[in-house]
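What follows is one structure encoded as structure tokens, with my remarks underneath.
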Amino acid sequence: MRVIVDEEAWNDLSSIGAWIGKDSPKAARETLERILEVVGHLEMLPRLGHPGRVRGTYERGVAGTSYIIVYEISGSPSVVIIAGIVHGARDR
């Protein structure tokens, strides 16, 4: 299975890194690494997440953070599309 990170999700990652990095570049780096690690796991285990709030999506929390990866599983060949990364406290 292939993983594609769409533009909105890349923008989310950039914003997360910038926001956390204002206070702690180290914490920003560690948070981004954790998020990307989960994205990598989705390549092999796309159904790790649970059905999302939006029909047709899945959500997977990132351990040690407040972030949730929102993704879709699409077509043939199967592809995981990372649609966004949101803070768990954010109204989605």
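Pairs of Cα atoms under 8 Å, at least six residues apart: use those to get the relative contact order of segment 2-87, whole percent. Write down the numbers at each step before the final one.
Working: 128 pairs, mean separation 29.2, N = 86.
In percent, rounded to a whole number, it is 34.
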Helix 25-44 versus the longest principal axis of the chain: what angle, 0 to 90°, nearest 10, using Cα atoms? 10 degrees
With +1 on each Lys and Arg Cβ and -1 on each Asp and Glu Cβ, and nothing else charged, work out how big the dipole of the chain is about its Cα centre, in Debye to the nearest 20. 200 debye
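Can you give the alpha-carbon Rg of the chain over 2.2 N^0.38 Å, where N counts its residues?
1.05
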Determine, for Thr57, Thr65, the number of other Cβ atoms within 10 Å of each Cβ, and report the residues in order from fewest to most. Thr57, Thr65
222 nm mean residue ellipticity, helices alone, for the chain (DSSP H n ≥ 4; -39,500 (n - 2.57); rounded to 500): -13000 deg cm²/dmol
Taking H as built 1.01 Å from N, whose amide H comes closer than 5 Å to the amide H of Thr57, not counting residues under 5 places away? Gly52
So, R0 is 41 Å and r is the distance between the beta-carbons of Lys26 and Leu48; what FRET efficiency does that work out to, to 0.05? 0.95
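Taking other Cβ within 10 Å of each residue's Cβ, how do Leu42, Leu48 sort, fewest first?
Listing Leu42, Leu48 from fewest to most nearby Cβ atoms yields Leu48, Leu42.
Only the coordinates and a few stated rules stand behind these numbers; no lab work does. Values in this document were obtained by computation on a predicted structure and should not be read as measured data. Virtual Cβ from ideal backbone geometry, glycine too; neighbours counted across all protein chains shown.
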